[in-house]
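Quick one: this structure, given as C-alpha cells, is what I'll be asking you about.
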Amino acid sequence: MRESKLKALFVTIIAVAAIFSLGACGSSSEENPVISSPIDGVAETSDVTVSDDGSVRLELTSVELARLMGGGINLSNTMEAYGRSTLGTKRPVSEYETHWGQPETTQEIIDYLKEAGFDSLRIPVAWTNMMDFETGDYTIDEALLDRVEEIIVYARNAGMYVTINDHWDGGWWGMFGSANADTRAAAMDLYVSMWTQIAERYNHFSDYLIFESANEELGFRLNDTDIAADSGTLNDDACFEMTNIINQAFVDTVRGTGGNNASRFLLIAGFGTNIDTTVDDRFVMPTDTIDDKLLISVHYYDPDGYCINVSLSTWGSEKDYLHMNEQFKKMEKFSRRGYGVVFGEYAVMVDRDGTPKENTLDWHRNFLNNCDYFGFHPMLWDTSQFYIRADLSYLDEEFTEFYRSRSLLARSEMTFDFIMEEAYYALRADLSNAKDLGRLPDDVAMAWLMYNSGDWSVIYSVGDDYSPESKSSGVEATDVLITGPSVYTVAVDFTGTIDGFANGVVFSALAIANGEALYPDYVMDILSIEINGEPYEMVAKPYTASDDGKTTRVNLYNGWVTAIPEKIRTADGSIDGVSPSPVDPDALGQVKTISVTFDFRQAD
C-alpha cells in the first residue's frame, strides 16, 4: 500500500530533467561584472558600486530560473514593518524599517545570509508606509524607493537573486472588497500607480531582480476590514475573479513600462498563496506579452499548529510526510504548463522557550527535498529566529550547516539530474521510516477527546483522523477502544504543559474513529463532564453526527458551525434545543483536566 502511494506521488519528470541536465548548479551563481558607477538613485544614498550589469536572459525560462535561484530567505519583519498608523508617513525610513524589532539592513547582514547558504533574497515591502493614499495621492516617498534600492544593491553585490513585492501593507487590500464603488476603483488606481512607480524606478536592474504581484492578501483577504471598514462584499467566486483581475493588471502595468521590464521575470501570487485554492480552476494565471517569464508563488506553513503556532510540538508521522509530499505534487499543475514554482514563504517557528521544535530539521529536510525533486524554489521565512541579524549569529548549528550544505556553491559540482535523483531517494526513505502512530485498522474504533485551547497554544488530536501524536508537549490523553455498546470515559490532562493548563477552548469534540462504519446509527449520550475534577453542566443539548462519513462526533464547542446539519442523531430522538456548542467557553477559564463520560448505544 505504501509502495503504491510512492509510485503515484513521485512520477519521474522526464521533460524537466532533460532541461536541467544541460548544466551544473554552480554555473548560475556567477556574479555579473561590477559597474564602475552606482546605479541611478543609489548615488544619493550610498557610495557602493553595484554587481549588476542590467542584462536580461531572453532565452531563460521561468521553470529553469526556479532551479537557478538556489535556496532563498526573506528579509522578514523589515521593509514590510507597518508603522504608518503610529509614525505617520513622513518619518525617516529607518524608523519604519526597525519598527518590528529588526536591525537596519547592511551589506554585512546580506553577506552573512549569503554565507549561510542563501542564494536569493525576498524583500517584502510596505509601500504605503510613506504614501498619503487616503487623499488620492499614490506617490511613494523617494526616500523609501531609495532605501529599497540600496538593499537590492546589497543583495546583488552578494551575488543573490532578489524579489520585491507589496506585502500586507496595513491591509489596504481590503479596499477591493469595499461596499463603495469609488473605494474599489481607488484600490485599483493605487495598485497600478504603485507598480508603475516601482517598475519604472528599478527598470535598469537585470533579470536577477524579480517583481512579485502581492502576498497572502490576494484572495479571500480582499475582504479584510483593517483599512476599509465596509469591506466584505466579495463572495468566494468574486474573490477569485478579483484576484485574477489584479494579477493581470500587475503584468500589464509592469510590461507597459518597457525596457528590461518588458521581459523581466514576474512572480504571480497564487490565491491566498495557498496551494489548495491556487490549484482551484477558478484561479487563472494572467496572459503575458512574452513567453515563459511568469512564475507562481505559494506559501507553506502546514500544519499551522506546528509551523506557526506553538500548539503542536512534534511532526513526522507517515500522514505528515504524505500530506507534504502530496501538496507539492499538486503544484505540478503549473510547472508542467511552463510556470516556475516558488514557495515564497515556509518555516517552522521556534518553540515557546526559543529553541527549535522537535523534528524541525526533519520537516525542513523533507520540504527542501521536495523542492529539489520538483524543481521548485524555496524562500525561508525567518524573523531573526534562526539567523539573528542583529549580531550575525545562529540559533542552531546543525540547522545552519544543513542550509549551508544546500547552497549553490556547495552543490556546484552536482547536475540537476543528480540533485533530483538524490531527492527522490531521500523522500522515499524518509516516508518509509516515518512514524505511524495514529493509523488505525478499519476494523478498530477508538474514542478520544479533540481539544484546542482558546489561545491556540495547546492542542490534542484535532480533526476527524485520530492522531494521538498531534499534540502539544506535555499533554496526556486517555483514549479508549470501543468494543460495543457500553459506558466509556475519555480525558485529556494539560498539567504537564508549559503553563500547566489549557487557556479556555476554541474547539472541542468527542469523537470515535471508524464509528460510522462499525457502529452506524449509534449515539454518544454524554452522561457527565468534569473540568478540573468538578462536574460541569452543559448549557445546551449535544447531538451526534459525522463530517466525513467515517468518524462519529459530538461537538462540545464548535463556533464554526452556523447551521445544524440535516443528518444528526440525539439520545432522546428529538432535535429540539440542540447546539454545536453545549459547552460555554466563557465559563471554562484555565482547564487543567477535562473528562467526558458517555453511553454509547443505538439511537432510540
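The values are calculated or read from the model by the stated rules, or taken from the named source; none is laboratory data. Computed from a predicted model, the values in this text were never measured in an experiment. Neighbour counts are summed over all protein chains in view; Cβ atoms, including those assigned to glycine, are modelled from backbone coordinates with ideal geometry. Accessible surface areas use protein heavy atoms only, side chains included; no ligands, DNA or RNA. Shrake-Rupley method; radii C 1.70, N 1.55, O 1.52, S 1.80 Å.
Please work out the C-alpha center-to-center distance from the range 248-326 to the range 391-448 and express it in whole Å.
Here the two parts' Cα centres lie 21 Å apart.
Now for a different question. Report, by chain and number, residues whose modeled amide H sits under 5 Å from the one on Ile73, excluding near sequence neighbours (fewer than 5 apart, same chain).
Under 5 Å from the amide H of Ile73: Ser120, Leu121, Arg122, Leu380.
Taking the solvent-accessible surface of protein heavy atoms with a 1.4 Å probe, what is the per residue accessible area of the range 199-268 in Å²?
Values: 2170 Å² over 70 residues.
With the other protein chains kept in place, the range 199-268 gives 31 Å² per residue.
If you place +1 on the Cβ of every Lys and Arg, -1 on the Cβ of every Asp and Glu, and leave all else neutral, what size is the dipole of the range 289-356 about its Cα centre, to the nearest 20 Debye?
320 debye
Here is a further query. Nearest 10 degrees is fine. How inclined is helix 360-374 to the longest principal axis of the chain, computing both from alpha carbons?
Once rounded, the angle reads 60 degrees.
A further question on this structure: For the chain, calculate the relative contact order in percent as a whole number, restricting contacts to Cα pairs under 8 Å that are 6 or more residues apart.
That works out to 13 percent.
Oh, and also: What does the charge dipole of the chain about its Cα centre add up to, to the nearest 20 debye, if the Cβ of each Lys and Arg holds +1 and the Cβ of each Asp and Glu holds -1?
For this selection, approximately 1100 debye.
Moving on to the next point. So what are the ³J(HN,Hα) numbers for the range 470-479, from phi and the Karplus equation (6.51, -1.76, 1.60; θ = phi - 60°), rounded to whole Hz, Gly and Pro as x?
Result, rounded to whole Hz: 8, 8, 6, 4, x, 6, 10, 10, 10, 9.
I've got another one for you. Report the label-to-label distance for Leu392 and Met188 in nanometres (one decimal), using points 7 Å from each Cα along the Cα→Cβ vector.
In this crude spin-label approximation the distance works out to 4.9 nm.
Moving to a separate point now. With an 8 Å Cα cut-off and a minimum separation of 6 or more residues, compute the relative contact order for the range 194-348 in percent. Could you put the intermediate results ahead of the total?
Working: 212 pairs, mean separation 36.2, N = 155.
It rounds to 23 percent for the range 194-348.
Another question, then. 5 Å is the cut-off here: which amide hydrogens, built 1.01 Å from N in the peptide plane, fall below it relative to Ala540, excluding neighbours closer than 5 in sequence?
Amide H neighbours of Ala540: none.
Which distance in nm do the two modelled labels at Thr400 and Gln385 give, with both placed 7 Å along the Cα-to-Cβ direction?
1.8 nm
To continue, here is another question. Determine, from the Cβ-Cβ distance of Glu200 and Thr86 and an R0 of 25 Å, the FRET efficiency 1/(1 + (r/R0)^6), rounded to the nearest 0.05.
On the way: r = 30 Å, r/R0 = 1.21.
About 0.25, to the nearest 0.05.
What list of ³J(HN,Hα) couplings, whole Hz, do you get for the range 447-456 from phi and the Karplus terms 6.51, -1.76, 1.60, once you set θ to phi - 60° and write x for glycine and proline?
After applying 6.51 cos²θ - 1.76 cosθ + 1.60, I find 9, 8, 10, 5, 7, 9, 5, x, 9, 6 Hz.
While we're looking at this one, here's another question. With θ set to phi - 60°, apply the Karplus curve 6.51 cos²θ - 1.76 cosθ + 1.60 along the range 273-283 and write out the HN-Hα couplings as whole Hz, x wherever there is a Gly or Pro.
Values, residue by residue: 6, 9, 4, 5, 7, 6, 7, 4, 5, 6, 8 Hz.
Just to be sure I understand: of the beta bridges DSSP finds with both ends in the range 83-238, what percent are antiparallel, rounded to 5?
Percent antiparallel among DSSP bridges in the range 83-238 is about 10.
Here is a follow-up. With unit charges on the beta carbon (Lys/Arg positive, Asp/Glu negative), name the residue among Val583, Pro565, Leu518 whose Cα is farthest towards the positive pole of the charge dipole of the range 485-592.
Leu518
Kindly provide the helix-only [θ] at 222 nm of the chain, computed as the sum of -39,500 (n - 2.57) over DSSP H runs of four or more divided by all residues, to the nearest 500 deg cm²/dmol?
Dividing the helical sum by the residues of the chain leaves -8000 deg cm²/dmol.
Given a 1.4 Å probe and every protein chain left where it sits, what share in percent of the accessible area of the chain is carbon and sulfur?
That share works out to 50 percent.
Given the Cα-Cα distance of Ala517 and Ile568 and 0.36 nm per residue of separation, how much length would full extension add, in nm?
Full-extension gain reported as 16.8 nm.
Between their Cα atoms, which of Lys541/Lys592; Lys90/Lys293; Lys114/Lys333 are more than 26 Å away from each other?
Long pairs (Cα-Cα over 26 Å): Lys90/Lys293; Lys114/Lys333.
Highest mean first, how do 459-467, 562-570, 276-284 rank when packing is the count of other Cβ atoms within 10 Å averaged over residues?
Going by the mean number of other Cβ atoms within 10 Å, highest first, we get 459-467, 276-284, 562-570.
What nm distance separates the two modelled labels at Glu59 and Ala238, each placed 7 Å from Cα along Cα→Cβ?
Those two pseudo-labels are separated by 4.9 nm.
Diagonalise the Cα gyration tensor of the range 336-448 and give the resulting equivalent ellipsoid semi-axes, square root of 5 times each eigenvalue, largest first, whole Å.
Working through the eigenvalues yields semi-axes of 28, 23, 14 Å.
Roughly speaking, what is the stretch gain from Asp417 to Glu95, that is 0.36 nm per residue apart minus the C-alpha to C-alpha distance, in nm to one decimal?
111.3 nm
Here is a further query. Taking the 0 to 90 degree range and rounding to the nearest ten, how far is the long axis of helix 142-157 tilted relative to the main principal axis of the chain, both from C-alpha atoms?
90 degrees
Please give the FRET efficiency for Leu481 paired with Val539, using the beta carbon to beta carbon distance and R0 = 41 Å, rounded to the nearest 0.05.
Details: r = 31 Å, r/R0 = 0.75.
For R0 = 41 Å, the calculated efficiency reads 0.85.
Work from the charge dipole of the range 192-298 (Cβ charges, +1 for Lys and Arg, -1 for Asp and Glu, about the Cα centre) and give the residue of Thr225, Ala199, Phe283 farthest towards its positive end.
Value computed over the given set: Ala199.
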